[in-house]
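Trainee: The structure follows.
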Amino acid sequence: MSKLKTLINDLVIANRILANEDVVDAYGHVSVRHPDDPSRFFLARSLAPEFITPADIMEFTLDGVPVKKGGPSPYLERFIHGGIFEARPDVVAVVHAHAEDTLPFGLVETPMRPVIHSGSFIGAKVPVWDIADKFGDTNLLVANVEQGQDLAKTLGPNNVALMRGHGFACAARSLIEVVRMSVYLPRNARALSGAKQLGGAVKYLSQGEIDARNRGYSPYSVETWRAWHYWATKAGVGNMVTRPDTKVAVSKKPAKKSKTAKGKKK
Ligand SMILES: [Zn+2]
């Protein structure tokens, strides 16, 4: 399989995982930068992530213009992705989602900070972007290049920015990493909200603990990859999973769409 085809497959897997883990629903999206042309990125057409296949992936320039004219409708909020890719040459993959557990932290002074080990990758600082600060009364959606650039400015060198009354954007060096961060960000938010409700002082992860977690991280380590493989299989796309070192599909038959597991969650 070509490098590009593998990447598109990984982007489809990322979409399906985020849908199955309830990070995105009908809305929310994930993108990846073009490996050979940093001024372009891939993102699905306007479709719920759960339904996305390789045929739905479109290519964009950083100003959110589709490379192929006359194609299907793109996501309105593609400017989030272009803005971050433009501002952050180190970023390879971006997620935007509306996960409910993260929303309270965009509304109050209480900052979102890592409190659980798997939440360490969100980083010590999670800024909040308020679209109203610069753009006044809007429909809160990131609908043009200027708004995408302003969000990227608030994100700065951090991994995650919360978006007031809307959701979050997160950026990482790989699809695996951005998916992992997006799955654990709402879980970290839940743990932090729960701790706040119990009352008393909250013990956050220390900078030393965050650094220790980062030192031990590798996107294709057995441990990291285990989660990607598990989530993909649970989402019914285990047959699409490849390891970059082998390029061999690891799971020959697609896992059954687990109705019981899904039903249990709801
Ligand atoms: Zn949105």
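What follows draws every value from the coordinates through simple rules; no lab data is involved. Keep in mind the model is a prediction, meaning the values are calculated, not measured. When we count neighbours, we look across all protein chains shown, and the Cβ atoms used for this are built from the backbone with ideal geometry, even at glycine.
Trainee: Explain nothing, just the number: dipole magnitude of the range 3-265 about its Cα centre with +1 on each Lys and Arg Cβ and -1 on each Asp and Glu Cβ, in debye rounded to the nearest 20. Numbers along the way, then the final one.
Mentor: Values: 35 positive and 26 negative charges, 262 e Å.
Computed about the Cα centre, the dipole is about 1260 debye.
Trainee: Full extension from residue 139 to residue 48: what is 0.36 nm times the residue separation minus their Cα-Cα distance, to one decimal in nm?
Mentor: On the way: separation 91, 0.36 × 91 = 32.76 nm, distance 2.04 nm.
Between residue 139 and residue 48, full extension yields 30.7 nm more.
Trainee: Looking at the range 3-265 only, what percent of DSSP beta bridges run antiparallel? Nearest 5 please.
Mentor: Values: 24 of 26 bridges.
Restricted to the range 3-265, the bridges split so that about 90 percent are antiparallel.
Trainee: Here's a follow-up. How would you order 190-203, 76-89, 48-61 from highest to lowest mean count of nearby Cβ atoms within 10 Å? Present the calculation step by step, with values, prior to reporting the outcome.
Mentor: On the way: 190-203: 12.1, 76-89: 23.0, 48-61: 16.9.
So the peptides 190-203, 76-89, 48-61, ranked by packing, come out 76-89, 48-61, 190-203.
Trainee: Could you grab the relative contact order for the range 3-265? Cα pairs under 8 Å, six or more apart, rounded to a whole percent. Could you put the intermediate results ahead of the total?
Mentor: Working: 485 pairs, mean separation 52.1, N = 263.
The value is 20 percent.
Trainee: Still on this model: What shape does the range 112-220 take by its C-alpha gyration tensor, where a ≥ b ≥ c are the square roots of the eigenvalues and a/c under 1.5 counts as rounded, a/b above b/c as prolate, and the rest as oblate? Intermediate values should be presented prior to the final figure.
Mentor: Numbers: a/c = 2.29, a/b = 1.40, b/c = 1.64.
Cα axes put the range 112-220 in the oblate bin.
Trainee: Ordered by residue, what ³J(HN,Hα) values in Hz, to whole numbers, does the range 66-77 give under the Karplus form 6.51 cos²θ - 1.76 cosθ + 1.60, where θ = phi - 60° and Gly and Pro are x?
Mentor: Calculated HN-Hα couplings, in order: x, 5, 9, 6, x, x, x, 5, x, 5, 4, 8 Hz.
Trainee: Want the number for residue 164 to residue 229: 0.36 nm per residue separation, take away the alpha-carbon distance, what's left? Spell out each step's value before the answer.
Mentor: On the way: separation 65, 0.36 × 65 = 23.40 nm, distance 3.26 nm.
So the chain would gain 20.1 nm between residue 164 and residue 229.
Trainee: Estimate the FRET efficiency between residue 4 and residue 221 by the formula 1/(1 + (r/R0)^6), using the beta-carbon distance for r and 30 Å for R0, to the nearest 0.05. Walk me through the intermediate numbers first.
Mentor: Values: r = 24 Å, r/R0 = 0.81.
After rounding to 0.05, the efficiency reads 0.75.
Trainee: Could I ask something else about it? If I require 27 Å or longer along the helix axis, counting alpha carbons, and a Kyte-Doolittle average no lower than 0.0, what helices from the chain are left? Use full DSSP H segments.
Mentor: Result, helices passing both filters: 175-198.
Trainee: Can you give me the C-alpha center-to-center distance between the range 193-222 and the range 25-50, rounded to a whole angstrom?
Mentor: Cα centroid of the range 193-222 versus Cα centroid of the range 25-50: 28 Å apart.
Trainee: Counting each DSSP H run of 4 or more residues in the chain as -39500 (n - 2.57), what helix-only mean residue ellipticity at 222 nm follows after dividing by all residues, to the nearest 500 deg cm²/dmol?
Mentor: Details: 8 runs with 97 residues, N = 266.
The per-residue figure over the chain is -11500 deg cm²/dmol.
Trainee: With θ set to phi - 60°, apply the Karplus curve 6.51 cos²θ - 1.76 cosθ + 1.60 along the range 34-50 and write out the HN-Hα couplings as whole Hz, x wherever there is a Gly or Pro.
Mentor: Ordered by residue, 3J(HN,Hα) equals 5, x, 9, 9, x, 8, 9, 8, 10, 7, 5, 5, 5, 7, 4, x, 5 Hz.
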